[in-house]
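Undergrad: So that we are looking at the same thing, I have put the structure below in structure tokens.
No lab work stands behind these numbers, since they all come straight from the coordinates. Remember, it's a predicted structure, so these values are computed and weren't measured experimentally. Here the Cβ is made from the backbone with ideal geometry for all residues, glycine too, and neighbour counts use every protein chain on show.
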Amino acid sequence: MRTFPQSASRSVWRDAWLLAKAFLASFERAAWIRFFLALFTLTFAFFLALLSGALNMSGHQALGHLCAALSLILAGIIAVKVVPFLARRTALENWMMKIEYEFTREGAVYLMVIAVIIVAALNTGNNLLFIILASLLAGILVSGILSKIVLEDLELEFILPDHLFAAQPMISRLTLRNLKWFNPSFSITVSARDPKQKKGQKAEANPPRQILDEPVYLPFIPRRASVTQHVELTFPRRGRYTQEGFRVSTKFPFGFMKKTREVASRQEILVLPSIEPTEQFAHILPLVSGEVESYFKGHGHDLYSIRDYQESDTARHVDWKATARAQQLKVREFAREDDRRVMLVFDARTTELGEKTQVQFEKAVNLCACLAWHFSEVETQLQFITNDLETAMAPARDIVYPTLEALALMDPKGGPTTAKAPRLASSDLQADTTNGFQIIISCLPPGSLDLSPGSASYVVYMNTL
């Protein structure tokens, strides 16, 4: 007889031990706990079933029926709570598609009816009751199979507009495609996946703001077709919103259980500040417009060119010297009155942080957004400057969205900041008047900015809003 060396035998045993250890480590601790708990519970249920038979034979009918009922209840709890959990960690995981099961109120009543029929069938031994009981239990099985068919091969697409504004209703499109060749889908509900409901993770203190806040119901999706539902969304605040995924659920066909599966579709959007005119904007706009008009008064009288006279020209602009030299009417053309250059500055530095400061800061951000939008509508040359961003002087309609995006992510900067401070020195403005008129929205206390009288600036302090 051939024998193996002792070292080879030890190597085989070591490899077998490492393989068994890796196999055991592949299961979660919670799965093992549920497995042994289910094993103990089913053993106890089997003992109660044997005990019920012995009690019935000895004449203790009431105790026998009670033990039989407890045995069935324990077996049912294991079948509903433990078996699906363990099956998702086996080869059945792909077939089950990680579907979550949740009994509805109708399903709870249905189980109570099954329990009553179980007791009646055991008491009477009537074959008809056992047939009815088998039909009721088959209904639960059929419900699970049909729900699985309804939820499989679904593709979701969620389309949002390019630009979203806070506190402004907008319409999005949610499209659900049914990729199945033969079977339609019925009674589908699409909702957002709550990060706090994700298993295996602790709930976050400040969970990300969701995009889809209300569920969307789709009654019927034909085979190889898609259904689009228009959803009205309103985002209460500016900032970044994320959507980790969606939950597709159905109660089809009987409504006894709610079956849910998750659809991975991460989305992230940036909600811009509201541009709806506020009370502060209505109060400050006439003052700002007056200052701008006063600063640019006379700039439109700068000579731009001399051209031929047209019927629509006024006689006041006729250049008589140029007319005498050319022997035909010539008029002077001046720079446009509305060719204004405005520098919009938002200084996010603040000396204190708190709830009141945050409320005033939001008002300052909304005011700055309204001003930027207003200048884009009146076709003004605009430059936006803040602690972390400085755009070039350009038509306001070209830089309004980068400006609003920067304001959407703006936070108050308490204490000394290392970020580049905006240009606030009046001497720079007086030295280079081509920069235009400067509008400063500051989060510092009133009087903190040292601007010389007569400088081309208008300051709005956050505390005055």
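Undergrad: Taking the Cα-to-Cβ direction at Ser226 and at Glu279 and moving 7 Å from each Cα, how far apart do the two end points lie in nm?
TA: Each label point lies 7 Å from its Cα, and together they span 4.6 nm.
Undergrad: Would you tally the net charge around Pro222, using a Cβ to Cβ cut-off of less than 11 Å, leaving Pro222 out, and scoring K and R as +1, D and E as -1? Walk me through the intermediate numbers first.
TA: Values: positive: Arg177, Lys180, Arg223, Arg224; negative: none.
Every neighbour counted, the sum reads +4.
Undergrad: Further question on the same structure: Cβ neighbours within 10 Å, averaged per peptide: list 42-51, 379-388 in order, most packed at the top.
TA: Working: 42-51: 14.7, 379-388: 20.2.
Final packing ranking: 379-388, 42-51.
Undergrad: How would you rank 182-192, 402-412, highest first, on the average number of other Cβ atoms within 10 Å across their residues? Intermediate results must be reported in sequence, preceding the final value.
TA: Values: 182-192: 17.1, 402-412: 19.2.
Going by the mean number of other Cβ atoms within 10 Å, highest first, we get 402-412, 182-192.
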